[in-house]
Amino acid sequence: MGEDTDTRKINHSFLRDHSYVTEADVISTVEFNHTGELLATGDKGGRVVIFQREPESKNAPHSQGEYDVYSTFQSHEPEFDYLKSLEIEEKINKIKWLPQQNAAHSLLSTNDKTIKLWKITERDKRPEGYNLKDEEGKLKDLSTVTSLQVPVLKPMDLMVEVSPRRVFANGHTYHINSISVNSDCETYMSADDLRINLWHLAITDRSFNIVDIKPANMEDLTEVITASEFHPHHCNLFVYSSSKGSLRLCDMRAAALCDKHSKLFEEPEDPSNRSFFSEIISSVSDVKFSHSGRYMLTRDYLTVKVWDLNMEARPIETYQVHDYLRSKLCSLYENDCIFDKFECAWNGSDSVIMTGAYNNFFRMFDRNTKRDVTLEASRESSKPRAVLKPRRVCVGGKRRRDDISVDSLDFTRKILHTAWHPAENIIAVAAANNLYIFQDKVNSETH
């Protein structure tokens, strides 16, 4: 993978002018659909932008893989909870696509409190020649109708219509941090800090509480739920991660309330590394099942780990994302960066994993060759088909020409949200209000 990185080319990037960046424009989630033809982003302003992959044309064979804006809509608006005197942000926390059942596409989007189901349809024909309506759609005087005609469909410019199908509200007391669609395609779950609820996609007025870790006395609270996901193949299994660094695999066949986990995945702490920050940096910010369903990928502040479902005692692989920050934890605590929640992603064949870092860097680890690379998503390298150069962070001592010192890293530029195309080597990376899409031209067929 080390040699291949020079051929990793920028496929496209969607950039907004930095001088006009507002908090509302900052991207808060990125998600490919199940085929990879569509890519959705949500932002802090409650908007969802959907990009569609362009089909390959004979005149421009390199154009395939380029994503263009397909549809934009306002998913959530700011609200106010008068009972608790709390503002509810419109920020989109998560987007999940539903498996496609017909010509239409469907996705779930959620803010802190309310989950919405959206239907995305295309219309490129319009009916003409009604018997009872005129061209403007007004009803005709029936006495003027002397003959009957068959209405016909005429071509028109493509229209993409997005309509709200369901609103799932009032299911959570605390902030929703994750949603996951079940492999049965009928149910999904939503998790907040203390509870996980199971919903049916057709029923909005009730959900089943399947995990509740809220203690009788809130002073006894020691951990919170940070992320959760359904198993990709077994509809009865799901996992949730905690702020203490543990993973709990639950089986819904065992009991209606899954407070007793089937498996607990937890790595024993090395006493020599114990510090004031140990618990903060061990908090799991993201968990993802592999496509095969055999492994789980987790991200904490400094590492990504791969866990085997058959081995609870320790992860089978641990990769250091930015270990050079270990000496900087005090200042990262003071500027609140230590609480940043980085996501992680698998490639289509589960052989490479990706996660974000600071300075708009993102890291990739090849599980087979054990090679890793640091790449940068920046405006300087965002010209179409430009080649991404590997970056290196220098901790001290001799520096190469292109190395960047750990002291000059910009902690305000960070990549929290990443997504990988389900079948090809195309990745989407969100950096503040910019979305970068990169494609590995050489290895796009071989992963």
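Any read-out appearing in this document is the output of simple, stated calculations on the displayed coordinates, not a laboratory observation. Computed from a predicted model, the values in this text were never measured in an experiment. Here the Cβ is made from the backbone with ideal geometry for all residues, glycine too, and neighbour counts use every protein chain on show.
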Notebook entry, point to check: Among all the aspartates and glutamates, which ones have a C-alpha under 14 Å from Lys125's C-alpha, if same-chain residues fewer than 8 places away are not counted?
Noted result: Asp157, Glu161
Note to self: List the trypsin sites (Lys or Arg not before Pro) within the stretch 48-154 that DSSP assigns to loop and that have no more than 12 neighbouring Cβ atoms inside 10 Å.
What the structure shows: Lys58, Lys84, Lys138, Lys140
Checklist line | Unsatisfied cross-links (Cα-Cα over 30 Å) in the set Lys263/Lys370; Lys119/Lys260; Lys370/Lys414 | finding: Lys119/Lys260
Next item on the list: Could you list the chymotrypsin sites (Phe, Trp or Tyr not before Pro) in the stretch 261-329 that lie in coil according to DSSP, counting only those with at most 11 other Cβ atoms within 10 Å of their Cβ?
Entry: Phe276
Notebook entry, point to check: What are the principal axis extents of the Cα atoms in the chain, in Å, biggest first?
Noted result: 93, 59, 42
Next item on the list: With springs connecting C-alpha atoms under 10 Å apart, model the chain as a Gaussian network and identify which of Gln74, Gln100, Gln149 has the largest mean-square fluctuation.
Entry: Gln149
Margin query: At a threshold of 8 angstrom on Cα-Cα distance, excluding pairs fewer than six apart, so keeping six or more, what relative contact order does the chain reach in percent?
Written below: 15
Next item on the list: Could you list, by residue number, the cysteines of the chain that have no other cysteine's beta carbon within less than 4.7 Å of their beta carbon?
Entry: Cys185, Cys235, Cys330, Cys337, Cys344, Cys394
Item checked: Those aspartates and glutamates that a straight Cα-Cα span of less than 20 Å connects to Lys138, excepting residues fewer than 8 apart in one chain -> Glu128
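Sequence gap at least 6, Cα distance under 8 Å: using those rules, report the relative contact order of the stretch 300-370 to the nearest whole percent.
Details: 84 pairs, mean separation 16.1, N = 71.
Relative contact order, the stretch 300-370: 23 percent.
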Note to self: Using 0.36 nm times the number of residues separating Arg399 and Glu186, minus their current alpha carbon distance, what extension gain do you get?
What the structure shows: 71.2 nm
Notebook entry, point to check: Average projected area of the Cα convex hull of the stretch 162-264, in nm²?
Noted result: 7.2
Check: How about the stretch 57-154: which chymotrypsin sites (Phe, Trp or Tyr not before Pro) there are in a DSSP loop, with at most 12 other Cβ atoms within 10 Å of their Cβ?
Finding: Tyr82
